[in-house]
1. In the neighborhood of A:SER185, defined by Cβ-to-Cβ distances under 13 Å, what is the net charge if each Lys or Arg adds +1 and each Asp or Glu adds -1?
2. Sort out for me the Cα centre separation of segment B:29-46 from segment A:1-72, rounded to whole Å.
3. Roughly how many Å is it from the Cα centre of segment B:103-162 to that of segment B:177-220, as a whole number?
4. Between B:ARG89 and B:LYS297, what length in nm is gained on full extension when 0.36 nm per residue of separation is reduced by their alpha carbon distance?
5. Could you size up the charge dipole of chain A around its Cα centre, putting +1 on the beta carbon of Lys and Arg and -1 on that of Asp and Glu, and report it in debye to the nearest 20?
6. Between A:LYS43 and residues 5 or more places away or on another chain, which pairs have amide H atoms under 5 Å apart, with H built 1.01 Å from N, and which residues are they?
7. Give me the aspartates and glutamates in straight-line cross-link reach of B:LYS130: C-alpha distance below 15 Å, same-chain residues under 8 apart excluded.
8. Evaluate the distance, in nm, between pseudo-label points positioned 7 Å from the Cα of A:LYS200 and of A:TRP104 along their respective Cα→Cβ axes.
Amino acid sequence: MADVLLEVRNIVKHYPVTRGLLQRTVGWVRAVDGVSFTVEDGKTLSLVGESGAGKTTIAKQILLLEKLTSGNIIFQGKDIYKYSAAELKRDYRPKVQTVQQNPWSSMNPRMRVRDVVGEPIFVNAKLAKKEVYENVGKLLNQVGIDPEGMNRYPHEFSGGQRQRIAVARAMALHPELLILDEPVSALDVSIRAQIMNLLKDLQTEFNLSYIVIAHNLATVRYMSHSVAIMYLGQLVEYGESEALFNNPLHPYTKALISASQLTLPEDAKDSSKQIILSGEMPSPLNPPAGCRFHTRCTEVMDICSKEIPEMKTIGTQQVKCHHYT
Amino acid sequence: MVIEKGKKKKIYTGLKRSTRIIRNLTLIIPAAILILMIIVALFADLGWIGLPDIGLAPQDPNATHPRDKLLPPSFMEGGKSDYFLGTDRLGRDLFSRVIYGARVSLSVSLIVIFITALIGTILGILSGYKGGRADAFIMRVTDVALSFPGLLLAMLLWVAIGPGYWTVVLALSVLGWAGYARMIRGESLRIRESDFVAQAQVVGATTWRVMFKHIFPNIVNSLIVIMTLQIGMMILAEAALSFLGLGITAPTASWGSIVADGRTELDRAWWISAFPGICIGLVVMAGNFLGDWIRDKLDPRLRQL
């Protein structure tokens, strides 16, 4: 097994809900409720789930854009909340970078590309402008953008090109972990493969680790070594990518995979094979008792609404479901 | 895709030629009026570049001519060609006074706009981006500034430090920044939530860097619009203060003080109040039209202001 780069241990993030003139706290949105996973050196972990499952919240915690309610994030063996401000700036922030979902809003429209890509370097290293721009040229080359383009503004590029520029920016500080928040979902289908291949190439070349946040299972299967399926702020299944896709254990995983498969007309007759979930995801303000998925589960049992299932290890997979206890 | 420069196609704008001309006139006329007024103000005399003998003003604005009191403008019956716009109660040349008045009125309003915009922008960005206690504190101070009666403050300052040019500047600046702070705070709040600000934070950019490299450049458009619209407001405010005797006082000429001066002679010599009044009206209108035009070009979202 490869070395563990990042470990997330039982993290919890609750947001207060305030109401009324006095802004009293009337409840908590349990966006992330006890999630643990590890990211290995040079490997990709995918976080999968519906909107509102808490994927992006986890990303924000790891990127230190928000503060955890409880739990630990351990990077290279050290809890990131135990870093001093100077250590964070030197040893953590530069090594953990991100590519955001929307390449149209992730760049300051008033900055030229050379300053967009160069910003991480300007902030973290005392280099002359000329040297920074030389670096920017190399970075752009690496992601397949003509370095001449660095003097233009972001709006002069197409979505795919902008996402390449975003990747160049994320690479500027030689990071070890990239958090890719839906890196291709805003792009045309025809460009997605290019960006995914670029990301895979960079991973092999620089031994990068990725956390990919996605809801598109095709993307996930193509990119990741391990997969964590999230539902309502919790992991329901977690394991190696191939094993999980070939033998999904949790009913929610099965439903997701079933929903993602293309249905040809002849298959459609055999609708018994399709699992279609009804209803919406319940509110994280007031999650269901017992198993959080029991309100929509197709294989629900009596016990599901009463007891909270434990995470069980089966083979290389971990699953949180009463069917396996 | 790369946009090629230098290629200009004729695009159908959807507007009739006459409509386009009117729209352009709303830029050209106000801009011309403002530029003319600024030139007049600058070149009233050239003493400040070492040429005290030349200037646009034909006479010393404060020189009295006891024999030529209350003369009508030269183009009217009984007017003298020496006094293009006539003279006031002390026989001072009104034309020269209006020219020198432009200098005072315009410079007061521009200085006040600059000061208030600077303070308001800094506080607004700080408030919007930092949030929390800083925001709560700055916004309460802003509320106080917005609700404090400006006239009362002007009177207090007039009593405390005496009348004068800088008293007017101070009186208008002390409260004037609040409007900017409110507006800029709103804009900053919006931009703070944008992805590129999160990106800058991930990279480790300092608060100052985010405020000045990311937030400020994205609010500059709104700021320019509001500053232009304020030209008229500030000219009016200065004129009002001077008219009430809380501003620029005799013998220094400002448009407001000349209007006030002519008030007592209105039945015999309407021109004393009328010509500076017309100047105030022209500049205020020019400022507003220009502001509207710039707003439409730069930031149509601000329509309601």
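1. With Lys, Arg at +1 and Asp, Glu at -1, the neighbours total -1.
2. When both Cα centres are located, 61 Å separates them.
3. 20
4. Between B:ARG89 and B:LYS297, full extension yields 70.2 nm more.
5. Roughly 1100 debye, rounded to the nearest 20.
6. Residues meeting the amide H criterion: A:TYR210.
7. Cα-Cα hits under 15 Å: A:GLU66, B:GLU187, B:GLU193.
8. 2.9
Computed from the coordinates by the stated procedures, all read-outs in this text should not be read as laboratory data. Computed from a prediction, not measured in an experiment: that's the story for all the values here. Don't worry about glycine lacking a Cβ; one is built from the backbone with ideal geometry, like all the others, and counts go over all protein chains shown.
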